[in-house]
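The block underneath contains the structure these notes are about, expressed in structure tokens.
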Amino acid sequence: MSKRDFYEVLGVAKTASEKEIKKAYKKLAMKFHPDKNPDDPTAADKFKEVKAAYEILTDKEKRAAYDQFGHAAFDNPGMGGGHHGGGHHGGFQGGFQGGGYGDFEDIFGGAFGDMFSNARGGRGGFGSRHSTRPQKGEDLQYTMEIDLEDAINGASRVIDLPVFEGASQVNKKLNIKIPAGIEDGGRIRLSGKGHPGINGGPQGDVFIQMNIRPHPRYTREGNNLHCKATTDFVTAALGGKIEVNTLNGAISLKIPEGTQNGRKFRLKGKGVTDRKGNTGDLIVQLTIETPQNLSERQKELLTEFAAA
């Protein structure tokens, strides 16, 4: 069965930017995630298809190869293929694309081999399959799902990660330090844990991409956090204070007299501090609750108020 075009899988044009590809991937990955579709046996395959398309199209070298040769750039027999690490408990999902560049050049040879070499940055040039120069091993890409709190405050995680020691792949427990303020899609690097080098070259690296799970109360835009709070119509009309729960504890918010429904309050410096030390704000949108189950006396008072 032929594979679908990667651009078609993500629903983007062939001229789509990396940002557009990432946006499409996030939407589809959430839609087809097996955890969200326990009753759909096809969800896992759709999720894998979306993930494979994302991994190829967000890698400049692999995208160039795919644009040039299509699926043949990665699927032809004898090309070395891709390796896929399994998931593990605690929300970590592994997966990486292996090498196969040299074998591709062996299959196509001549001008095609040279074009493929150029597509991946010109490494080795024409006839590079015969080169004896030391070359760094291929890097590996993984993804890890984390909570918003971990992204904001930083955390440590011990995970089972398939890594290479020499020419052998082994599963190792690695301590992963998540830096405070990391953004959705941000990566951390583990040096020398990727594919073995060629002709005595250094071992490649492992890059772990952080995907932040949606939070039930807060959304992050850049370094700003957004949340909602409620108050009664009396406090909104006469003014007062309400308590707002933040990720770092409750704070008091002053409500001016005559506040309207939907008004936004900006709390300076209560957002996210990124890895460069820049801190955003907390933006609170106010919802005014309409009272229910009023007593007869309360209804009389409101009627008098309306008449006045």
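Looking at the structure I just gave you, is LEU238 modelled with pLDDT under 90, aliphatic (A, V, I, L, M) and either assigned by TED's automatic domain parsing to the domain that holds ASP274 or out of contact with any strand residue (DSSP E or B) (no Cβ under 9 Å at 6 or more places or on another chain) (or both)?
Taking the combined requirement at face value, the residue does not satisfy it.
Given the residues ALA24, ALA73, which is the only one that is at pLDDT 80 or above and more than 18 Å from PHE207 (Cα to Cα)? Spell out the reasoning first.
Numbers: ALA73 fails: at pLDDT 80 or above.
None of the others qualify; the one that does is ALA24.
Which of the residues spanning the stretch 204-241 are assigned to a helix (DSSP H, G or I), without any contact (Cβ under 8 Å) to a residue 24 or more places away in the chain and among the small types (Gly, Ala, Ser)?
ALA237
All but one of (1) of a type in the set (A, V, I, L, M); (2) closer than 30 Å to ALA155 by Cβ; (3) surrounded by 12 or more Cβ atoms within 10 Å (Cβ to Cβ) hold for ALA237, so report the exception by its number.
(2)
Within the stretch 243-270, can you find the residues that are touching an Asp or Glu at 6+ places or on another chain (Cβ under 7 Å) and of a type in the set (Lys, Arg)?
Matches in the stretch 243-270: ARG266, LYS268, LYS270.
Restricting the first residue to the stretch 27-41 and requiring it to be assigned by TED's automatic domain parsing to the domain that holds MET144 and at pLDDT 85 or above, which pairs with a second residue that is in a loop (DSSP other than H, G, I, E, B) and acidic (Asp, Glu) meet a Cβ separation below 9 Å and a spacing of at least six or different chains?
Taking only residues 6 or more apart or on different chains, the pairs are PHE32/ASP40.
So, of the residues in the stretch 17-43 that are over 18 Å from the mean Cα position of the chain (by Cα) and of a type outside the set (S, T, N, Q), which turns out to be nearest to PHE74 (Cα to Cα)?
Out of the qualifying residues, it is ALA43.
Just checking, how many residues over the stretch 242-285 are in a strand (DSSP E or B) and either under 27 Å from GLY185 (Cβ atoms) or out of contact with any strand residue (DSSP E or B) (no Cβ under 6 Å at 6 or more places or on another chain) (or both)?
The total comes to 12.
The values are calculated or read from the model by the stated rules, or taken from the named source; none is laboratory data. A quick note: this is a predicted structure, and the numbers were derived from the prediction, not measured. Every residue, glycine as well, gets a Cβ built from its backbone with ideal geometry; the counts of neighbours run over all protein chains shown.
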